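Structure, as structure tokens:
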Amino acid sequence: MSAIPAVAHAPSARSPIKVLVADDSAVVRGLVSRWLSEAGHEVVATAPNGRAAVDALARCNPDVVLLDIEMPELDGIQALPLMLAKQPGIQVVMMSTLTQRNADVSLRCLSLGAVDYIPKPESNRGVTTSDGFRNDLVERIRVFGAARARRRPAPTSVEAAASAAPAAPTVSRLSGTVTLRPKPRTVAPPRVLLIGSSTGGPRAVGEVLEKIGAATLRRLPVLIVQHMPPVFTAVFAEHLGARIGLPAAEGKADERLQPGRIYVAPGGRHMRLSGSAAETVIRLDDGPPVNFCRPAVDVMFLDAAALYGGATLSVILTGMGSDGTAGARALVEAGGTLLAQDEATSTVWGMPGSVAKAGLCHAVLPLPEIGPALRNAIAERV
């Protein structure tokens with residue numbers, strides 16, 4: 001999850017996004033409702049528990065639901081599948097405090113169909129005084145409300161021209177024209193797989209790795225920067241390890257990279273790389289956020305470009321903002337290969353859209369095709 005810079009929110013001239021707020025705290029319901037109204041959104045209903053939220057769904061027909069995890073009568077994880085059954089495609093954003101249990105539940109909710117989660121301050125006082133929570137919440141309502149309203153076309157596959165083609169093709173998209181890079185005429189065998197993602201990323205990353213398969217992933221280390229707060233990244237790594245069947249954990253300072261292992265950048269710290277391609281060591285950095293994010297995809301990509309050059313295989317998945325674009329440019333200029341998720345299958349086409357519009361991608365693919373494409377790239381070149 002990416003950090004959102006503090007901004008002043010003005011009411012929108014467009015149709016307001018309709019929101020249902022479900023939280024057992026009357027203080028939180030009141031504050032959130034006021035913030036959203038001030039930002040030009042419409043709170044069509046509030047609910048003190050999951051049962052009331054499910055009952056209100058049909059009456060108010062919201063674009064987005066803010067659903068607290070810990071509520072009486074029916075909690076968030078119990079209410080979520082009932083909501084999705086009543087209104088398939090409804091944008092449900094989970095809210096939870098930063099505990100290991102809630103991180104685990106939040107990630108399970110994403111696998112069940114929630115589009116995202118928002119870490120919530122532990123106390124009502126913290127909610128009242130946290131500009132970060134307010135900005136994050138309002139921005140996510142804007143993004144997911146727009147996604148709910150947008151009519152998406154059927155996913156299509158867009159691949160780069162063959163290496164013998166004289167020029168890269170251009171592909172028309174909802175957001176403009178995307179230019180794809182020709183595939184390199186000579187491609188070094190990949191020695192590392194790099195993944196950058198943010199909003200919607202946990203589900204996307206899991207699907208990509210699962211489709212690559214454990215047997216192929218054992219050939220090289222996998223490094224992931226997923227925008228998430230502390231606690232969540234450790235639980236995310238555990239979920240990935242259980243799903244893929246490979247060792248997966250947060251990267252540790254001075255840890256040497258090994259093939260067949262998955263390294264997740266820890267929340268709140270940049271995951272850097274040093275040494276050489278033959279013996280790469282993780283360095284953790286508490287430096288300032290990059291692109292408002294820590295960990296940042298750019299930080300890892302830039303280090304990998306310097307160490308591995310053309311032996312990098314990388315992908316940018318769904319997420320807000322443009323983190324990863326500067327690092328992606330360094331990777332492809334060093335001869336590496338870069339894929340991006342397409343707009344139709346992205347929860348938010350910010351990060352992948354940024355690298356695609358910059359002309360840095362060798363392919364822009366629907367999510368279901370990314371894993372097989374990466375598997376083939378690894379298998380063909382090793």
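The values are calculated or read from the model by the stated rules, or taken from the named source; none is laboratory data. Keep in mind that this is a model prediction, so the values were computed, not measured. Cβ: placed from backbone, ideal geometry, glycine included. Neighbour counts: every protein chain shown. Remember, those area values only see protein heavy atoms, side chains included, never the ligands or the DNA or RNA. Shrake-Rupley method; radii C 1.70, N 1.55, O 1.52, S 1.80 Å.
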*Just to be sure, is ASP254 out of contact with any Pro (no Cβ under 6 Å at 6 or more places or on another chain), buried (at least 19 other Cβ atoms within 10 Å of the Cβ) and not in a strand (DSSP E or B)?*
no
*Inspect the range 292-301 for any residue being within 25 Å of VAL115 (Cβ to Cβ), surrounded by fewer than 21 Cβ atoms within 10 Å (Cβ to Cβ), under 15 Å from the mean Cα position of the chain (by Cα) and of a type outside the set (Lys, Arg) and give the result as yes or no.*
yes
*Might you let me know whether the range 30-37 holds any residue that is touching a Pro at 6+ places or on another chain (Cβ under 7 Å), over 13 Å from MET83 (Cα atoms) and open to solvent by 40 Å² or more (accessible area, probe 1.4 Å)?*
no
*asked:* If I ask for residues that are closer than 15 Å to LEU137 by Cβ and either outside any helix (DSSP H, G or I) or at pLDDT 95 or above (or both), which ones from the range 9-28 would you list?
replied: HIS9, ILE17, VAL19, LEU20, VAL21, ALA22, ASP23, SER25
*Matching option when the condition is open to solvent by 20 Å² or more (accessible area, probe 1.4 Å), aliphatic (A, V, I, L, M), in contact (Cβ under 8 Å) with a residue 12 or more places away in the chain and touching an Asp or Glu at 6+ places or on another chain (Cβ under 8 Å), among VAL264, VAL281*: VAL281
_Within the range 291-304, considering residues that are touching a strand residue (DSSP E or B) at 6+ places or on another chain (Cβ under 7 Å) and outside any loop (DSSP other than H, G, I, E, B), the one nearest to THR199 (Cα to Cα)_ = VAL297
*Mind checking which residues of the range 61-96 are open to solvent by less than 20 Å² (accessible area, probe 1.4 Å), assigned to a helix (DSSP H, G or I) and touching a Lys or Arg at 6+ places or on another chain (Cβ under 8 Å)?*
ALA79
*Only one of these conditions is not met by ASN376: (1) within 19 Å of THR216 (Cβ to Cβ); (2) open to solvent by less than 10 Å² (accessible area, probe 1.4 Å); (3) among the polar types (S, T, N, Q). Which number is it?*
(2)
*Please give the number of the condition VAL315 fails out of (1) among the β-branched types (Val, Ile, Thr); (2) part of a strand (DSSP E or B); (3) surrounded by fewer than 24 Cβ atoms within 10 Å (Cβ to Cβ).*
(3)
_Enumeration of residues in the range 319-351 that are open to solvent by less than 10 Å² (accessible area, probe 1.4 Å), more than 14 Å from ALA363 (Cα to Cα) and not in a loop (DSSP other than H, G, I, E, B)_ = GLY319, GLY327, LEU331, MET351
_So, in the range 97-132, how many residues would count as being touching a Ser or Thr at 6+ places or on another chain (Cβ under 7 Å), surrounded by 17 or more Cβ atoms within 10 Å (Cβ to Cβ) and among the polar types (S, T, N, Q)?_
2
*asked:* Just the residues that are among the charged types (D, E, K, R), in a helix (DSSP H, G or I) and over 15 Å from ALA39 (Cβ atoms), please, taken from the range 113-139.
replied: ARG125
*Starting from residues that are over 18 Å from the mean Cα position of the chain (by Cα) and in a helix (DSSP H, G or I), keep the ones in the range 195-240 and report whichever is nearest to PRO352 (Cα to Cα).*
ILE212
*Have a look at ALA253, ALA249, ALA204, ALA215 and point out the one that is aliphatic (A, V, I, L, M) and free of Cβ contacts under 8 Å to residues at least 12 places away in the same chain.*
ALA215
